[in-house]
Each structure stands twice: as C-alpha cells, then as structure tokens.
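Notes to accompany the following structure.
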Amino acid sequence: MNKVELLAPAGDLERLKFAFLYGADAVYIGGKEYSLRANAKNFTLEEIQEGVEYAHKLHKKVYVTVNIVFHNEDLKGLKEYLKKLAKIKVDAIIVSDLVVIDIIQKEKINLEVHLSTQASTLNASSAKFYLKQNVKRLVLAREASREDIIDIKEKTQADLEVFIHGAMCTSFSGKCVLSNCFTNRDANRGGCAQICRWIFAIEKGTKPFSIMPKDLNMVKYIEDMINIGVNSFKIEGRMRSIYYVSTILYVYRQIIDKIMNNTLTAAYVRYYQDILNRCANRESTPQFYDKLPTNKEQYFLDREEKSNQDFIGLVLDYDAKTKLATIEQRNYFKVGDELELFGPNKEPIPIKVHKIFDENMEEIEVARHPQMLVKLEVDGDVCQNDIVRLKVFDISSYL
Amino acid sequence: MKDKILVNIKSVEEINQYQKANLNNFLIPLANFCVGYDTLTLKEILTLKTPFYLLINRLLTKDDLDQLSDILNQIKPFIKGIFLEDLGVLEVIDKLNLPVEKIYFANHFGTNYASINAFLKRGFDSMVVSNEITKEEIKEILAKVDKEVILQVYGYNQIMYSRRTLITNYNQEYDFNLALDNTIEENITKKKLKIKENPYGTVIFDENIYNNLELLEFKENVKFYYINTTDLKVEDVLKAIENKTDAKSSRFLNKKTIYKIGDIDE
C-alpha cells in the first residue's frame, strides 16, 4: 500500500508542535502576509524558521500558504518574501495565484509549489496546465468526486492532496465575494466573514434558512483514497484549538495506521466517527466524494452546535512511581467522573476519578478553575502532552 | 466606443436588436456549460449568422470536457473566441486545433496586472479584469498589461458560485416548490440577492446593478467593455450605454476592500 501523508493545519508554533506530536507528517501554516486566514495568529518569518527547524529534526514537513488572490499593492515585497521562505527551506508553498509561480520561475527561487484548492481543479486537463508550470502537487477542489480524482490521477500521475476533514465553503473556494459585498472584507485575501453562515429569507410564507454546509468527514473513504493513489490527506482548520486538532489528528492517524497494518474494523470506524462528530460539535459527511450533496449535507436552521466541556486537561507531567499525572485543567470535573486519557500512538486509557489533589497535594472534590494544576491517579503509559477528556464513547461497546 | 461593447445574448432575437443599435460583439453562453446565465442551445447557436464569442463559465469534469469537444467541433467555424473559467477547456481547444481567441474569465480573479500578464504569457489572448477592485487599481492594470483586457462596466455582479443546488435542497428540506430563479434577503441587513440555480450549481448576484460606465474613459489596452445583460432588457442595456441609467457605481470602484480586521478604518 502507498505511504500517505497526513497533513494538519497549524495556526501557531504551539499547534504546530501538537500537530506533529499527534501524528501529522506535515503541517501547513500561514505567514503574517499573503495567507488566506488573515485573522489567524499566523507566523512571523522567525517563527516559520523555528517551525521548519523543529519539523526537519523530526523528518517532517512544513508548507506555507501564499494563497491570497493578489491586488496590485500586494505584489510589493512578494519576491523578497518568497526568497526568504526559500532561505528558510520551507518544504513547499501553497499558491492559488499564477503570479507567485511566475515570480518563482523568473527569479529562479528554489521553492516547491503546491497548487491551492482555490484553483478549483476538477479535471486532468486543468491539472496539466499547472503541472506544466512545474507545480509539484495539486490540492484538488473539495467538489472533486471519486471519479474525478481517479481520472486526474490516472492521466497525470500527479501528487494529489485531498481535504478529508473540516469546514466546507458553500461555494467553490475562491468563487465567493459575499463577504466583500456585505462587510467589505476581502474573502480572497483572507478576510472572509462567512456570510454563508448567516440567515436568509426567501419568499413570503417560507422558512428562513442558511446555505451553510455540514463539515467534511472522509473516515469511511480513507482506504479507498489510499488505493486510488491520493498522496496527502489534508485537515482543515488553522484557527482551531489544540484539542480539536489533536483529536482529529489522533483519529485519522489511528485510521491510516490501522489500514496500513490491516487492523481497521467497522467497529473502529463507527467509534472514530462518533469521536470526530462530538469534537467538532457539528455534523459531518463525505460531501462530494460519493454523490452530489443534497439537503442532507447542508444546515438550514436546525444546526446543532452544542458546545461541550469534553476537554478536561493537558498532562504536564507523570510520576510513574506514584502513578500521579499532573494536569492543567481546562474544564470542570469532579470526583466520581469517568474520564479517559489519549495520546500519540496509544489506545485511550480509562480513568475513574477517585481522588483529585491540588498543587499542594491537598485532596479536593472538584477541579473548577481553568488552568489550575491538579494531580490525578492514572494507571498506564502516560506522557507529557497527553490529553484528558470526558469519556463519552467506550470502544468496548462498539466491538 | 460602441465597437468595443460586448454583450451576452439571452435569445437569438436579441442579436438583431443589438445589431440595429450598432453593437456587434456578442458573447453566447453555451447551454449546459454555464451557470448564472440564460444560455443558447447548440441548435440555436447553429442558426446564428454572425461570428461570436462563446462563454463556458462553469467548472468542468472529464465527462463535461468530452461533451464540449463534440459541441465545439460542430460550431467551430463561427467562434471568434472562447471565454472560459475552467483551464481544462484550453486542452480541448488545442486538441481540436481551433483558431480562436482564448479569454480567461475567472470571476473574482484578474485583480492585478502581474497575474494577468502571467496568464497572457501562457497562451491567453485576453483576460477579464475583476470588477471588485478600485478604479485606481484598474488604471494601473491597464497601464501595465501586455495585451488588451476586458473591463466589466455594467450589470448584475456575480458574487458566489456553488456546485450545490441550493434552492432544490431548500425545496427538499421544507417540501416547497420554489422557483430556481429567485431572490433571497439576509435577515439582519435586509440586503437582497438574486439567486439562480441550474443542474450544474447555484449562482448568487448582488441585487443592485453596478454601473462602472465611468471606466469607458479608459481607452488604452481595453479589448472590450463587457455588459452582463443577465435579467436586463435590450432597451435597458442600450439606455445604459447612453448613460441613461439610475444605477450607481459599484462600491468597489471607489472603496478598497480590506482583509484584516485591523485594517478597518471606519
């Protein structure tokens, strides 16, 4: 079976490190300029360098988005920026505007180019246009069906990157300026105000609605896409939390590894689906891969986004002798709760909370303050940066 | 000036009406290959007696491109040029050896001179300039492009293109039978939008006509001034050309878009 890349979003250095820890083979990040998430924290050039050095020590990769649709004024400084990224030795840049490719060619800048999903590649012929420009990888349109992906792979043998999880645009990426019209915030330069999530009315006597899609979730098609020859599986969400990114990565890492060693079962797929849906607080579906989306792939007014307090805390330290884990609390929990701990390369460890200790080893009944340090007894292979969450799903009940 | 006005055609009859007014540059939206436009079928196109530009403005799959190849083969003697959104159409044109102008019409792109030149250098004869940029930006583009480009000067502005069939989905969800050519209103701002769906997707237009006719003052490097006649009558288009219109200029023409919250200056 082909080796595939699991590609994660990283909004800042901390999330970059967590992404690698939780199983990403590569991350994509945005610089302070020229990135389509203008309001994410994003990376300075120094931080990009630190991230790249960190990744390369782990034999992992960093891709930098340079994917805005440029206006005249944005061209100022672009050449110098690209040269700096080359000097930092980023593994690739992700672009949507041909001008970036043009500058790289003209200036002979040593940068690998990946074509952004903003280019809406749906067929082999348009793929070939960009491959002729020395583009090394195509991030396909999220609208690409299974048949489209097969055809593009067969006819081009190109390195293909496909989104597998996260929020979707209602429109083809890049083909929407609703944000510009409503708020003057430029969607194609990272300012999207997500107007598709707003509520609209149509004719009198009808119900109001949004045109917002449910999230993308490709859990049940990962093996199929590996067999088709997809090279990189991309997760959306540079503005998402550590808990979200770690959970999603953990699940997809487990799925890919279990496929590779032939241990993925239908029970695990159901279990992972439940974890993913709960983590995002939103429903998710395969969207365009297996059919044209219908009303079932869209939210109208009945969107369920109940926030949960599943993220209990982050493990800062573990004493194997006493079996006490030091945890930075993120959400309320108390004696008697059923929790579980998950981390890279391990099955979740169940925790029944018998006792909670504060920093001074005083016993407490409740951990109620965000970021307070507490100690919990955990029996198992516990490491720093493991995550403790409420135990909602039990794998044994799926088997 | 009229010799550089380009209008899209919604029916065969419109061609005569425009010709009588000395407008002779026609863009024909090809049925089954466009979204957001009234289209002409292959049969109707074959009756046309005048050369024209063909519009193919939707994103295409392999099967679409195969079908397109057959259609272009039948109408190739009459096509002066092809306006295309999907770059895959280039390969079809090349394979058929069609001696036509290739014009890149990707909505919301064409926002800077260097990108436009990059496409012009790679086989395109012209490109449509975005109408979501300022007059100053357009002026700079015209001063720096390597070939003539096309300016959008009047009509309803397409602001979103989705592969989803959004009205059909709504009808399914709530068991309605609403028209696929409709108007929606945002709940808080009360801003209205036109919404049009066909089997290939849904397009949303700003409800206000934009009047960028002041761009007619730009002469250098302009191949055409494009009027999108969608939902407009021929007489309204002709009046607009004579500047007899109440439509206001696009907000983008005189106001820069911003892209970081910190850039908001109001």
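Of note:
- A single member of B:59, B:65, B:90 is in contact (Cβ under 8 Å) with a residue 60 or more places away in the chain and within 10 Å of another protein chain (Cβ to nearest Cβ), and it is B:59.
- Among (1) more than 30 Å from residue A:171 (Cα to Cα); (2) at pLDDT 95 or above, the one test that residue A:294 misses: (1)
- Scanning region A:198-239 for residues being closer than 19 Å to residue A:272 by Cβ, of a type in the set (A, V, I, L, M) and assigned to a loop (DSSP other than H, G, I, E, B) gives a total of 2.
- Test: residue A:377 is within 19 Å of residue A:246 (Cα to Cα) and out of contact with any helix residue (DSSP H, G or I) (no Cβ under 7 Å at 6 or more places or on another chain): no
- Between B:144, B:139, the distinction of being under 30 Å from residue A:186 (Cβ atoms), in contact (Cβ under 8 Å) with a residue 40 or more places away in the chain and of a type in the set (Lys, Arg) belongs to B:139 only.
- When B:64, B:70 are screened for being crowded, with 19+ Cβ neighbours inside 10 Å, charged (D, E, K, R) and in a helix (DSSP H, G or I), only B:64 passes.
- Residue selected from region B:232-258 under the condition farther than 30 Å from residue A:191 by Cβ and not in a helix (DSSP H, G or I), by the criterion modelled with the lowest pLDDT: B:243
- Test: residue in region B:209-228 that is within 10 Å of chain A (Cβ to nearest Cβ), over 30 Å from residue A:31 (Cβ atoms) and either of a type in the set (Ser, Thr, Tyr) or not in a loop (DSSP other than H, G, I, E, B) (or both): no
- Filter result for residue A:55 (farther than 20 Å from residue B:119 by Cα and crowded, with 20+ Cβ neighbours inside 10 Å): yes
- Residue B:141 under 22 Å from residue B:57 (Cβ atoms) and assigned to a helix (DSSP H, G or I): yes
- Among the residues of region A:351-391, those identified as on the phi > 0 side of the Ramachandran plot and exposed (fewer than 15 other Cβ atoms within 10 Å of the Cβ) are A:361, A:371.
- Note on region A:137-154: residues that are surrounded by fewer than 24 Cβ atoms within 10 Å (Cβ to Cβ) and either more than 18 Å from residue A:94 (Cβ to Cβ) or among the acidic types (Asp, Glu) (or both) total 9.
- Number of the condition not met by residue A:108 [criteria: (1) surrounded by fewer than 20 Cβ atoms within 10 Å (Cβ to Cβ); (2) in a loop (DSSP other than H, G, I, E, B); (3) more than 14 Å from every other protein chain (Cβ to nearest Cβ); (4) in contact (Cβ under 8 Å) with a residue 24 or more places away in the chain]: (4)
- Number of positions in region A:216-231 that are within 24 Å of residue A:192 (Cβ to Cβ) and either surrounded by fewer than 22 Cβ atoms within 10 Å (Cβ to Cβ) or among the hydrophobic types (A, V, I, L, M, F, W, C) (or both): 2
- Residue in region A:30-45 that is surrounded by fewer than 23 Cβ atoms within 10 Å (Cβ to Cβ), in contact (Cβ under 8 Å) with a residue 40 or more places away in the chain and of a type in the set (Lys, Arg) present: yes
- Scanning region A:57-87 for residues that are over 23 Å from the mean Cα position of the chain (by Cα) and either closer than 19 Å to residue A:25 by Cβ or without any contact (Cβ under 8 Å) to a residue 12 or more places away in the chain (or both) gives A:72, A:73, A:76, A:80, A:87.
- Unique residue being assigned by TED's automatic domain parsing to the domain that holds residue A:289, β-branched (Val, Ile, Thr) and at pLDDT below 95 when the list is A:139, A:135, A:177, A:162: A:177
- Some residue of region B:105-123 being more than 8 Å from chain A (Cβ to nearest Cβ), within 28 Å of residue B:47 (Cβ to Cβ) and not acidic (Asp, Glu): yes
- The number of residues in region B:1-36 that are part of a strand (DSSP E or B) and over 25 Å from residue B:68 (Cα atoms) comes to 1.
- Filtered by the rule that a residue be among the charged types (D, E, K, R), outside any loop (DSSP other than H, G, I, E, B) and closer than 13 Å to residue A:312 by Cβ, region A:374-399 gives a lone residue, A:389.
- Residue A:117 meets each of the listed conditions (1) at the interface with chain B (Cβ under 9 Å from one of its Cβ atoms); (2) buried (at least 24 other Cβ atoms within 10 Å of the Cβ) apart from (1).
- Residue match in region B:189-201 (condition: touching a Lys or Arg at 6+ places or on another chain (Cβ under 8 Å), within 16 Å of residue B:154 (Cα to Cα) and more than 9 Å from chain A (Cβ to nearest Cβ)): no
To keep it simple, each residue is scored yes or no on (1) more than 8 Å from chain B (Cβ to nearest Cβ); (2) touching an Asp or Glu at 6+ places or on another chain (Cβ under 9 Å); (3) more than 30 Å from residue A:134 (Cβ to Cβ); (4) not small (Gly, Ala, Ser).
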{"site": "A:158", "(1), (2), (3), (4)": "yes, no, no, no"}
{"site": "A:163", "(1), (2), (3), (4)": "yes, yes, no, yes"}
{"site": "A:166", "(1), (2), (3), (4)": "yes, yes, no, no"}
{"site": "A:170", "(1), (2), (3), (4)": "no, no, yes, yes"}
{"site": "A:179", "(1), (2), (3), (4)": "yes, yes, yes, no"}
{"site": "A:183", "(1), (2), (3), (4)": "yes, no, yes, yes"}
{"site": "A:189", "(1), (2), (3), (4)": "no, yes, no, yes"}
{"site": "A:203", "(1), (2), (3), (4)": "no, no, yes, yes"}
{"site": "A:207", "(1), (2), (3), (4)": "no, yes, yes, yes"}
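- Only one entry in B:215, B:178 is touching a helix residue (DSSP H, G or I) at 6+ places or on another chain (Cβ under 7 Å) and farther than 30 Å from residue B:23 by Cβ, namely B:178.
- Selection within region A:253-290 - closer than 19 Å to residue A:214 by Cα, among the hydroxyl-bearing types (Ser, Thr, Tyr) and assigned to a helix (DSSP H, G or I): A:272
- Residue that is farthest from the other protein chains (Cβ to nearest Cβ), among those in region A:58-87 that are assigned to a helix (DSSP H, G or I) and surrounded by 18 or more Cβ atoms within 10 Å (Cβ to Cβ): A:85
- Looking only at region B:124-137, residues that are hydrophobic (A, V, I, L, M, F, W, C) and within 9 Å of chain A (Cβ to nearest Cβ) come to 1 in all.
The values are calculated or read from the model by the stated rules, or taken from the named source; none is laboratory data. Given the structure is predicted, the values throughout are model-derived calculations rather than measurements. Virtual Cβ from ideal backbone geometry, glycine too; neighbours counted across all protein chains shown.
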